[in-house]
Amino acid sequence: MGRQDRPPHADRRRFQCRAARIGCVESQTAAQGGQPHPDRGRNLAAVQGCAWLDRYWSRAHPRARPLLFLVELSREGLARGRPRAAARSHVGLPRSGAAGDRSPRDRGCPRLDPAVRPRAPDHGVYTLSSGSPVPLPPAPPARRAAQAVDGLRHGWPLIAVPDGASAPLLLPVETAPGDVQSRRMLISAARAATLKLGNQKPATDSASPVLIGATFPIDLTTAQAIADPTLDLSWPLKGPFTAEPLPWRAEAAEAMELARIAGILPAFLVDPVSVSEPLPFAAGDSAALRDPEQLVIATRARLPIAASEEAEIIAFRSINDTREHVALIIGSQNGDRQPLVRLHSECLTGDILGSLKCDCGPQLDAGLAAMAREAANGGWGVLLYLRQEGRGIGLINKLRAYRLQDQGFDTLEANRRLGLPEEARDFGVAAAMLRLIGARSIRLLTNNPQKVAVLESAGVTVAERVPHQLPANPHNSRYLDTKRDHAGHLLI
């Protein structure tokens, strides 16, 4: 029978069988470095040369972009295929090269019956890379918050859920890459006051972020100057801007808190041009990152130090936080004696570099020395080293605050001008660390009554507050005065 005399369905059946063989040849080619097995199948180039396969080859070309599809087939249709020979036992029979009693054509794909009922052309077909017939459950708040913080450090945009269709897209000003523009920005109320917008009604709430609009496109360079107060002397002229109503106030406040946790400036371009694929977040997600119940002891080891050779370090980890806090136990832990405890927040400039702008380094050394004396008298001490740089605003923002202090602002005013809180440390994690160690009643080495209050509210008994004041120097005297006069520290 010539090719022109074949029935219309003959080419389809032959193409199905031949396509299966092509797949075998391609897999052999990939496994053998591009050369098909000489004794198996047919050379792929020869198959491509078949004239009768030309009209199908655009769909089966080996260099075409691979697409994966999930296709639902009717089980009834498969079951009603052509009759086949009954299975017979081959036990004890010599192996032959034959494939049973079936003819070569029977080794092809079974024919399917007509559709039971009309279906859409794409019914039962799903691209495995972009969708699923079963909707995925929403991500928990802790995962959304962790992904949002990581995304902000990478410069990726955010969008609020569940009202993602109506909520605007927020792009972090400090870390966003590329050349993008927008006519609106989200900034802090303190920054809006610096830009002389405090007399406009939408900017009167000092505790709420402010949405500002401009009559000109704001690029990232201009947005950085608007957001960063340390650049005010270099960029004195900005605007004009107008404060706009903010219907998504809770989501805006959450975005600013996520920016603080990420250690970047709390400022966003709103609905910038040509930006897509935002990360979802919801109001209140960041609270999940501060859950003290997720804290566990990761490991512990003996660690002799200069103040005391009898010391042990304990590392803590939380699944919701990338920071690892540590506790240093000086002396032998004794349940009959209340330990002398010091809560010390990380300070790279003071603890490591010996900065004179603060008293962190001297306080750390004096605290370890006091615990060593306590251990020598039969007691023990605990230093909780909390990874909360710059009172919780991060190293880079702390250095920005230092630059503002050089311009005449005190330490609390500098934080406010950056749009950041004066105090953002989480002392609840210290209470969780003490509970895990087994210290329920302590003597606290501190000048800060807020630490006492937080520990007491978390179930840790502070039997005594031990003063911890050190002499000032010409570089940190104003800093210490600000802590005493405006932050409530008990200093003389």
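Summary table
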quantity	calculated
Restricting segment 413-452 to residues that are in a helix (DSSP H, G or I) and of a type in the set (D, E, K, R), the residue that is nearest to Leu491 (Cα to Cα)	Lys451
Unmet criterion (only one of (1) surrounded by fewer than 18 Cβ atoms within 10 Å (Cβ to Cβ); (2) in a strand (DSSP E or B)) for Leu186	(1)
Cβ pairs under 8 Å, 6+ apart, first in segment 353-379 and closer than 20 Å to Arg484 by Cα, second acidic (Asp, Glu)	Cys360/Asp351; Gly361/Asp351; Leu364/Asp351
Selected residue [over 26 Å from Leu328 (Cβ atoms), surrounded by 18 or more Cβ atoms within 10 Å (Cβ to Cβ) and of a type in the set (A, V, I, L, M)] from Leu455, Leu480, Leu418	Leu418
Residues of segment 454-469 classified as in a loop (DSSP other than H, G, I, E, B) and among the small types (Gly, Ala, Ser), total	2
Checklist (1) surrounded by fewer than 18 Cβ atoms within 10 Å (Cβ to Cβ); (2) of a type in the set (Gly, Ala, Ser); (3) farther than 20 Å from Leu171 by Cα; (4) in contact (Cβ under 8 Å) with a residue 24 or more places away in the chain applied to Ala203, failing item	(1)
Residues within segment 331-357 that are at pLDDT below 95 and among the polar types (S, T, N, Q), tallied	3
Candidates Ile264, Ile297, filtered to the one that is modelled with pLDDT of 95 or more and in the same structural domain as Ser318 (by TED's automatic domain parsing)	Ile297
Some residue of segment 228-245 being over 25 Å from the mean Cα position of the chain (by Cα), in contact (Cβ under 8 Å) with a residue 24 or more places away in the chain and within 29 Å of Pro138 (Cβ to Cβ)	yes
Residue, modelled with the highest pLDDT, within segment 271-293, restricted to residues that are over 17 Å from the mean Cα position of the chain (by Cα) and at negative phi	Pro272
Among the candidates Ala401, Ala375, residue that is among the aliphatic types (A, V, I, L, M), farther than 18 Å from His468 by Cβ and crowded, with 19+ Cβ neighbours inside 10 Å	Ala401
Search result, residues across segment 207-261 that are more than 18 Å from Ser182 (Cα to Cα), not charged (D, E, K, R) and not in a loop (DSSP other than H, G, I, E, B)	Pro229, Thr230, Leu231, Ala250, Ala253, Met256, Leu258, Ala259, Ile261
Selection status of Ala370, over 32 Å from the mean Cα position of the chain (by Cα) and part of a helix (DSSP H, G or I)	yes
Which listed residue, of Gly198, Gly284, is loosely packed, with under 15 Cβ neighbours inside 10 Å and in contact with a helix residue (DSSP H, G or I) (Cβ under 8 Å, 6 or more places away or on another chain)	Gly284
Residue in segment 393-412 that is under 25 Å from the mean Cα position of the chain (by Cα), under 17 Å from Leu289 (Cβ atoms), outside any helix (DSSP H, G or I) and touching a residue at least 24 places away in the same chain (Cβ under 8 Å) present	yes
Given (1) over 19 Å from Arg337 (Cα atoms); (2) modelled with pLDDT of 95 or more, index of the condition Ala424 fails	(2)
Test: Arg387 is farther than 18 Å from Leu480 by Cα, in contact with a helix residue (DSSP H, G or I) (Cβ under 8 Å, 6 or more places away or on another chain) and in contact (Cβ under 8 Å) with a residue 60 or more places away in the chain	no
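The values are calculated or read from the model by the stated rules, or taken from the named source; none is laboratory data. Nothing here was measured: the structure is a model prediction, and the numbers come from that model. Cβ: placed from backbone, ideal geometry, glycine included. Neighbour counts: every protein chain shown.
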